[in-house]
Every structure is written in structure tokens, then in C-alpha cells.
Amino acid sequence: MASLFGLGRDAKTFRPRKSTPVGSKGLTLKRHIEATLGSGNIREAVQLPPGEDLNEWLAVNTVDFYNAISVLFGTLEEFCTVKTCPVMSAGPKYEYLWADSVKVKKPTRLSAPEYINNLFDWIESQMDDSRIFPQQYGIPFPPNFMDVVRTMFKRLFRVYAHIYHTHFRSICSLGEEAHLNTCFKHFMYFTQAFNLVDSKELVPLQELIDQMVS
């Protein structure tokens, strides 16, 4: 069976896509995203539609951004291993430690695939919790929802940083560089529009960001 990007990879490599939250309202917002992205104006596509709730907009887009990066990372499974990437890093100057305040309370050094898989498990657990990501329109989001989203985006940025610094050659060999760049550009426009990642966290890819989102 042919797979995404025509790589001939087994479908088990990829995590199941997370579904759009907040019911039919979420689907309406998702259609808006697809329509505005189709226009080619990413800066416009990330803006909160007039009259819509900010938390609902953040929720729908967060699920989409998570799905995009999880699929991209799935294509790198054979390249990003405990042996090739014994630490989660973005070049020689930046190393990321894992903690989720529940299962792992003390920041811990992990290999890149272990860090990223722990991150994806944590994100999915948050998205599956209806107290954090309501599945029905009209149910209020928690008061700390923006903090949850900002933590997700900070950590998802680290996955992009690791991919660009460590696996860009593999991305090119798979013919995925245009897709990666498009996903990251969309991610950064959204991040900047809603101030979701502190500037100090962006430093490992600042030069690339300046070129893409100037």
C-alpha cells in the first residue's frame, strides 16, 4: 500500500490523526482554515476569524499542527533513533530535557525519539481530556487553556528545531523539504500571531525564521 509522500512505508509508522475538537463548530473553523490556506496567504489564514472564540480557534489549530508534525516525524523513524540521536537537541548548543509534571517531574535527559514520543503521548493525553479540549460546542475551556497551548507549541517547536538541525539531509533525501518548510512557516505565522513561544526559545532556528516569516 502506498503511503504518505510515496515512501512505501507501513502505515503503522504513523500515529492516528487526532480529530478536530469542539464538535460541529470545530469542523466549521477547520473548513475556514482550509479555505483561507487555499488562498495562499498564510499570514491571513492564521488570523482569528471575526466573531469567533479565541480558545476554539487555538484548539482547532493546535490539533492540526500536532497532526502535521507527528506525520513528518513518522517519516524519520529509521533516521532518528536512540543510537543516532542519544540526546534531544537542536545543534550542539541546545539540549532539551523532558518533564511532564506527572509521570516525570524532574527534568530528565532522553534520546530524541524518546523525548518526542513522550511529548506526543503527553499532547494526546491533553487533547483526549475533555476538561482541557472540550468535545462539544459551548462547554467552557479551562482558565489555564492558553498556558497549555503555549507549552504544546514550545515543545512542538523543539521537534522542528531537532528536525532542521539533525535530519534536514534525510528530509531532502525523502523529497519532503518543501512540505517541511510549508508546515513550519504556517506554524511560525500562527505562533507569532498569538505569541505562543517566547523569543528565547526560537533562537535555535532564528535565522531560518527571519528568512521565512520576514
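What to note about this one:
- Scanning the stretch 129-142 for any residue that is part of a helix (DSSP H, G or I), free of Cβ contacts under 8 Å to residues at least 60 places away in the same chain and surrounded by fewer than 18 Cβ atoms within 10 Å (Cβ to Cβ) turns up nothing.
- Flag if SER125 is out of contact with any strand residue (DSSP E or B) (no Cβ under 9 Å at 6 or more places or on another chain), in a helix (DSSP H, G or I), small (Gly, Ala, Ser) and open to solvent by less than 30 Å² (accessible area, probe 1.4 Å): no
- Total residues in the stretch 55-83, condition without any contact (Cβ under 8 Å) to a residue 12 or more places away in the chain and either farther than 18 Å from TYR115 by Cβ or not acidic (Asp, Glu) (or both): 1
- Matching residues in the stretch 203-214 - criterion: being in contact with a helix residue (DSSP H, G or I) (Cβ under 6 Å, 6 or more places away or on another chain) and in a helix (DSSP H, G or I): PRO204, LEU205, ILE209, MET212
- Only a single criterion out of (1) open to solvent by 10 Å² or more (accessible area, probe 1.4 Å); (2) over 30 Å from HIS165 (Cβ atoms); (3) in contact with a helix residue (DSSP H, G or I) (Cβ under 9 Å, 6 or more places away or on another chain) is not satisfied by GLY51, namely (3).
- Qualifying residue in the stretch 85-105 (condition: modelled with pLDDT under 90, among the hydroxyl-bearing types (Ser, Thr, Tyr) and under 24 Å from HIS162 (Cα atoms)): yes
- The set of residues in the stretch 189-202 that are in a loop (DSSP other than H, G, I, E, B) and either under 17 Å from PHE65 (Cα atoms) or touching a strand residue (DSSP E or B) at 6+ places or on another chain (Cβ under 6 Å) (or both) comprises PHE194, ASN195, LEU196, VAL197.
- Test: residue in the stretch 186-197 that is open to solvent by 40 Å² or more (accessible area, probe 1.4 Å), hydroxyl-bearing (Ser, Thr, Tyr) and in contact (Cβ under 8 Å) with a residue 60 or more places away in the chain: no
- Test: residue in the stretch 171-180 that is in contact (Cβ under 8 Å) with a residue 24 or more places away in the chain, open to solvent by less than 40 Å² (accessible area, probe 1.4 Å) and in a helix (DSSP H, G or I): yes
- When each of LEU119, LEU58, LEU76, LEU72 is tested for being surrounded by 17 or more Cβ atoms within 10 Å (Cβ to Cβ), out of contact with any Cys (no Cβ under 6 Å at 6 or more places or on another chain) and part of a loop (DSSP other than H, G, I, E, B), the lone residue that passes is LEU76.
- Of all the criteria given as (1) open to solvent by 50 Å² or more (accessible area, probe 1.4 Å); (2) part of a loop (DSSP other than H, G, I, E, B), the one not satisfied by ARG43 is (2).
The values are calculated or read from the model by the stated rules, or taken from the named source; none is laboratory data. Being a predicted model, the structure only gives us computed values, none of them experimental. Every residue, glycine as well, gets a Cβ built from its backbone with ideal geometry; the counts of neighbours run over all protein chains shown. Just the protein is used for accessible areas: all its heavy atoms, side chains included, with ligands, DNA and RNA removed. Shrake-Rupley method; radii C 1.70, N 1.55, O 1.52, S 1.80 Å.
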